[in-house]
Every structure is written in structure tokens, then in C-alpha cells.
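Every read-out reported here was derived from the displayed coordinates using simple, explicitly stated rules and does not represent laboratory data. The shown structure was predicted, so the numbers you read here are calculated from the model rather than taken from an experiment. All Cβ positions, glycine included, derive from the backbone under ideal geometry; neighbour counts span all protein chains shown.
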Amino acid sequence: MPVTPTRFPVPGLAYGGDYNPEQWPEEVWAEDVALMREAGVTMVSVGIFSWALLEPAPGVHDFGWLDRLLDLLHQHGVAVDLGTPTVVPPAWFYQRHPEALPVTRDGQRLAFGGRGAICHSSPAYREAATGIAARLAERYGRHPALALWHVHNEYGAPVSACYCEVSAADFRRWLRERYRTLDALNEAWGTAFWGQRYGEWEQIQPPRRTPTTGNPGQALDYARFSSDAMLGNFTAERDVLHRLSPGVPVTTNFMTALSQCQSVDYWAWGREVDLVSNDHYLVAEAERTHVNLAMSADLSRSVAGGAPWLLLEHSTGAVNWQPRNLAKRPGELGRNSLAHVARGSEGAMFFQWRASRFGAEKFHSSMLPHAGTDSRIWREVVQLGADLGRLAEVNGSRVRADAAVLWDWQSWWAQDLEWRPTEDHRADERADAFYEALYDRHLTVDFARPGAPLDAYPLVVVPALYLAEAETGEHLRRYVEQGGVLVVSYFSGIVDGTDTVHPGPHPGALRDVLGLTVEEFLPLRAGQRVALTAATGGAAGVSGDVWSEAVVPRGAETVWHYAEGPAAGGPAITRHRLGAGSAWYVSTRLAPADLDQVLARACRDAGIRDRDQLPRDVEVVHREGERDSYLFAVNHTAAEARVPLERPGTELLTGEPAAGQLRVPAGGVRVVRLPR
Ligand code: GLA
């Protein structure tokens, strides 16, 4: 079980980055710590990739350099987030245990030489990983520099599943626990279809490459199993650390951005860490990179259950692993960092402190770039350190959300299986689009897992919840009856947890709450757009693509019709008044700007006032502390923005009083302390 940290790892907001001093002669370390002080660094992540150095041969340990490093950091007031280096076992380990290298779905065994080459079902790996974690905990578990344990690195990337024989056996064990009997498994997987019935457990394999598409229930369970296999290794290490280093919180760095990781069920993982931490990298070529940033931050806070979380990695400038690695523009480094803090991060950490001269990441930006301290990035790094120092008091305050988005990784996995009505629909794309539409209405959102309490939210949005148990539908129906407002996208509530269609017409789990049935899916041609008309007449200017369907209202009113396409004349967008609330249904794919028209109406139902006095791309987020509340205004535009203040307060970055209209400089951030 996770421990509730008695304290956040460092006082105030954490600032620093991955620090890999083993790549440098020790003379450089002294310069590093001096510069860390100059930049206001409070914590660094150390040792994440150091197993081969710490244990150069089986059972032979060399801790001398790490002893000196931790002492040096401590002398200079820099806390340590100490990695267990289990993402890269040494070459000698694989020499002894080649079977621990993962195998792809096509049967290819991956080689040593990158990182993360791990079969997470390997007993040899588990033993070695918990072993090195134990040695580290014995040696450093009470070191005064130690503030946080950092297990492994980015579970789920670059390898998320292994298809070897050891994994196959582990999968069968997992299935036996889940289903108990073969009959139950055969039923869940629908093996009556295509004669796939299993007569013995030993016949069951991972969903390896098959001549045509395989069994969807098997593939979905394999995704669950693979997330659980990784989680098993995490909790094994965590338990060792808790035992040998009591009271020190344990984290592992998540990648909650949907574009960065699909294979980890973060709802399950969020419960197992003492502190949620996240790595976020901009999709550098995207036009509005800050929207994805905000979404990842909101997801991180949500998997932490609203509790404090920490941005453990992002970049000061360009990364080096995207097709075109666009550099951040002046000011963007600090603005990105504070945008995470606005959404609950208790600091801002980077990959990495000092740019590497060799290895695969030598062209990745860093806090201390190749250009040295006479550089824009260094000056901005120093500035950010000072800014975070001025914001120390926001630590512990909680973000106030206006609405919730229902999201489920398992539904996303199911949605992505093969042979669906169209390959153009993606659940993550819908989540992005709905998020963007909410962002553009200046609504701060929490993400909620199906079944989570929703009464705190006047508005709940369901982007594409293909997999939803009947209870989820019941839960949403009660939410609406009690006055909630729901907005649901097409292809939601279709199957149960085994990828079996709910009995009766679609959308089985959501028919009652939406007050409609769907007679037939009517996907559109590539590039085809269909215009919608408002039922009340007037020019709506709204159109959909990718998807349409034959909607049959059964209590819902039609608000927009299809004007053309295969569903022409039929309902496109409906509203169902139910009890004290209403449930909206959007049966086609709308771009965020068109979704806005639906959300505007839904917000009116929910009593959420328009925030159209705020300019586009100016974020306003509130963090509530015990005594004060903090308004973060993040201006992503090239013009000064004005943000109305409800009451006077103090701007923390400038120390000036703030009242009336807060001026936020172009590309800048302002944080106002408002007495509660
Ligand atoms: C990830 C990893 C880091 C580094 C960065 C580069 O977040 O955790 O070790 O590779 O990417 O962007």
C-alpha cells in the first residue's frame, strides 16, 4: 500500500531536473552544484540509469561515487530524488538471462543496447530489480539528502508488452485469477465465434500475430495483463523501499499525455504511488501546444485524486526524438512550467540538468545547455528558479475545477482493437477535441474514472466511452436525474468489460440516460462532411465528419438534424431532460469550434456562466489554499491580456497589489494571492 507522505519531498515548490553526473568527471560536479544554487535548484533526480555503474559485475557493488554525490548535493542544500536504476539492467544481467529481453508480437526478441528492454513477467528481472532497489535503500534510505524515491523510468515506454513464453505462462496465471474457470473465460472472450474455444489453460497464448484479426477479448485482457505486469514490478520495488526506507515517498514518472503513452492504466497506478509525478513533452509542431500540456497536467492531478502532484520532467527547449524538434521560444520555458504549477504541480523539473556530450540524447535541450551560462536558456532557468521561489506558498493548495471529463484507459484500449465501424474514429482524438472545446470556454476540468463521484460537477463530458459497464450507465443516469448535465459523444456505452455488445439496441449502457437508441452506425467516407441544421431553424454552420448514425429519439428532443449524408433528416444532436438535469448526445464528430455550440447550450443548462471576457489562449486557473486562494493567469498570446479580478489581492511574481483588471504581459504569467 502507498504511504501518505507526511511531507512533500521539499519545502515550497520543487525545482531541478534529471542529473546524470556519471557522464562527467568529478571536477565538473563542483561547478554543477554551484550553478544549481545560482539557479535556485532544490531537487535533482539521480541514478535513474546507473545500474551498470553501481553493480559492475553480479553482486559487486561500487557505491563510492554515489556516496560522494549525495553528500555533495546535501552540503549544497539540494535534495535528491533517487532513482532505482531498473529500467536498464546491465549487460551482464542479459548475458545470464537472455530470456528477460522482451519479444514483440511478431516473435522478434529485442536486443540490449537501448533502454527499457524488459520482459515484465521475468522472475529473474524481478529478483534483480528488487535486489538493487534493496541495496540502494539499505545504503541511502536514511541519507539526509534523500527526499523521494523514483522507481524505474516511464513504465510503458518504449516496451509495453512482451509476447514470450514466460509472459504466456504469466498471462495464464493472471487469467486463472480473473476467470477461475475455463468456461468463464470462453464466455468472456466469446470463443464460440470462429471456433476458438479452449479446452485447457495451456492452449491459451498471448495475442500474437494471427492470419487475420484475433480475438478482441483476448487482446483487451492482454493489455490489462501487461499494465498489471508492469505494476507488479513497480509495487515489488516500492514495498522494498517502504520497508527499508520508511517514511520516504515513492514515485514513478507517469506520462499522462495521451499522445505519449497508451499502455498504462493510470487510474490503477495512481492508487499505488505515494506521489503522482508526470513527464510531459510538447508535441513541438502542434499549433497550440499549451492545450495538450494543460490536459496532461489535469490528467496527472486527477489520477492523484486531486492531491498534490509533481511535474518530474519536461524540456527547457527542443527535445531530440520528434521528427522536427522545434525549440521553445523565449519565455516559453517558464510559461510552460508555471502552467503546470497552475494545475496543481508542486514544482517544475526537467530532463535534464546538464546537456550530455555523448549518447542518444546529446541534442536534447537541458537546463545547462552546451552553450553554457551565457545563453538565453540559462538566463530563463535562473529566472524560473527565482519565480518558483516567490510562489512557494502555493504548495498544498488544490485546484478548483468547473467540470469533469469521464475518461478510461481500458475503454481506449478496447476502442483501438481491430475491425471497428471506421478506422477514422479514435477515442483519444475525441478526448483531445472535447478537452480543447472546454479549454476554449475557460473551464478547468478534472478527469474522472467511470463510477467516480460526480456530484461536485455541474457538467460532465463523456468524449468516447465505447466500453462502459451497465453500472456506469446507471451511475450517469442518477447523476442527471439529480440535476447534473451530461454531454456524450457517439460510440459510447456500446460494450461491457469483455468487449461484448450490451443486449438490445445501442448504446446499451446509455440508452436510458440519453433517451434514445441507435439503429445503425453510418460512418462517413474519408474527408466527407455533413452539414447539420438546428431544429429551431436558423443558420447553425455546424458540420460533422467521420461518423453519423441513425438515432431514434425515445424521450430526447432533437436539437440539430443531419441536413445531408446517410443520416439526412435524422437527429444529429439531442437533449434529454431527465429528472432535474439533462443529457446531451452528439452523434457525429464535431471539431472543437463546433462542439462549442453544443457546450454553450449544455453550460447554460448547468448554470455555468460564459467567460467570454477572457481572451482565447489566456488560461485562468484557481488553486485554493487553507487561507488564501491563488489565481494563475497564463497568457499564451503575443499581446498583453486583461483578466478581471473578483477582489483585490497581491501579485506574487512582482509583489505588487492587484485589483480590477489584472494585466498579464504577452507570453507571461501572473499569480495573484486572493484572501478567501
Ligand atoms: C523521457 C525520459 C528521459 C529522457 C527524456 C527525453 O522523459 O524519461 O530519460 O529520455 O524523455 O525527452
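In nm, give the distance between the simple-model label positions of Gln23 and Asp612, each being 7 Å from the Cα along the Cα-to-Cβ direction.
5.1 nm
Rounded to the nearest 0.05, what FRET efficiency do Arg478 and Glu557 have when you use their Cβ-Cβ distance and R0 = 30 Å? Intermediate results must be reported in sequence, preceding the final value.
On the way: r = 21 Å, r/R0 = 0.71.
Efficiency for this residue pair is about 0.90.
With all pairs of different alpha carbon atoms counted, what Kirkwood hydrodynamic radius in Å does the chain show? List each step's numbers first, then the result.
Values: mean 1/r = 0.0377 Å⁻¹.
Mean inverse Cα-Cα distance, inverted, gives 26.5 Å.
Can you pull a Stokes-Einstein diffusion coefficient for the stretch 286-388 at 25 °C (0.890 mPa s), Rh from Kirkwood over Cα pairs, as a whole number of µm²/s?
On the way: Rh = 14.3 Å.
The Stokes-Einstein estimate is 172 µm²/s.
Just subtract the alpha-carbon distance of Asp71 and Arg398 from 0.36 nm times their residue separation and send over the number in nm, one decimal.
Working: separation 327, 0.36 × 327 = 117.72 nm, distance 3.42 nm.
Using 0.36 nm per residue and subtracting the Cα-Cα distance, I get 114.3 nm.
With a point put 7 Å past each Cα toward its Cβ, work out how far Ala580 is from Ala600 in nm, to one decimal.
The answer from the label model is 2.8 nm.
What longest region of the chain stays clear of chymotrypsin sites (Phe, Trp or Tyr not before Pro) that DSSP places outside H, G, I, E and B and that have at most 11 other Cβ atoms within 10 Å? All intermediate terms of the calculation are to be shown ahead of the outcome.
On the way: sites that count: Trp321, Phe358, Trp419.
With a cap of 11 other Cβ atoms within 10 Å, the longest stretch comes to 1-320.
Please report Rg over Rh for the stretch 23-62, where both radii come from the alpha carbon positions and Rh follows the Kirkwood definition.
Working: Rg = 13.5 Å, Rh = 12.1 Å.
Dividing the radius of gyration by the Kirkwood radius yields 1.11.
So if each residue of separation counts as 0.36 nm, and I subtract the Cα-Cα distance between Phe363 and Glu519, what length gain in nm does that give?
Values: separation 156, 0.36 × 156 = 56.16 nm, distance 5.40 nm.
So the chain would gain 50.8 nm between Phe363 and Glu519.
Could you calculate the contour length gain from Arg176 to Val60, that is, 0.36 nm times the residue separation minus the distance between their Cα atoms, to one decimal place in nm? Write down the numbers at each step before the final one.
Details: separation 116, 0.36 × 116 = 41.76 nm, distance 3.92 nm.
Taking 0.36 nm per residue and subtracting the Cα distance, the gain is 37.8 nm.
Quick one: if the Förster radius is 60 Å, what FRET efficiency do Ala124 and Glu564 give, using the C-beta to C-beta distance and rounding to 0.05? Intermediate results must be reported in sequence, preceding the final value.
On the way: r = 61 Å, r/R0 = 1.02.
About 0.45, to the nearest 0.05.
Give me the distance in nm between label points sitting 7 Å out from Cα along the Cα-to-Cβ direction at Gln528 and Ala452, one decimal.
Taking the simple label geometry, Gln528 and Ala452 are separated by 3.7 nm.
In the P(r) worked out for the stretch 475-519, what percent of Cα pairs fall beyond 11 Å? Show your work: numbers first, answer last.
Numbers: 657 of 990 pairs.
For the stretch 475-519, the share of Cα pairs beyond 11 Å comes to 66 percent.
Once the Cα atoms of the stretch 256-340 are picked out, what are the Rg and Dmax in Å?
13.1, 38
Give the residue from Ala134, Gln75, Leu53 lying farthest towards the positive end of the charge dipole for the stretch 1-151; charges sit on Cβ (+1 for Lys and Arg, -1 for Asp and Glu) and the dipole is referred to the Cα centre.
Ala134
Can you tell me what percent of all Cα-Cα pairs in the stretch 374-487 are more than 25 Å apart?
On the way: 2750 of 6441 pairs.
Result for the distance tail: 43 percent.
Checking the a/c ratio against 1.5 first, then a/b against b/c, what shape does the Cα gyration tensor give for the stretch 403-606? Before the final figure, lay out each step's value.
Details: a/c = 1.30, a/b = 1.09, b/c = 1.20.
It is rounded, given that a/c, with a ≥ b ≥ c, falls under 1.5.
Sum up the charges of everything whose Cβ sits under 10 Å from the Cβ of Ala14, counting Lys and Arg as +1 and Asp and Glu as -1, but leave Ala14 out. Walk me through the intermediate numbers first.
On the way: positive: none; negative: Asp81, Glu346.
Result for the neighbourhood of Ala14: -2.
Around Val445, what is the net charge, scoring Lys/Arg as +1 and Asp/Glu as -1 over all other residues with Cβ under 9 Å from its Cβ?
Working: positive: none; negative: Asp298, Asp402, Asp446.
Cβ neighbours under 9 Å give a net charge of -3.
Write out the GluC sites (Glu not before Pro) in the stretch 447-536 meeting two conditions: DSSP loop, and at most 12 other Cβ atoms within 10 Å of their Cβ. Let's see the in-between values first.
Details: sites: Glu469, Glu471, Glu474, Glu481, Glu519, Glu520; in loops: Glu469.
Within the stretch 447-536, no GluC sites (Glu not before Pro) qualify (loop, at most 12 other Cβ atoms within 10 Å).
Can you bin every Cα-Cα distance in the stretch 618-675 into 10 Å intervals starting at zero and give me the percent of pairs per bin, rounded to whole numbers?
Binned Cα distances yield the sequence 27, 59, 14, 1.
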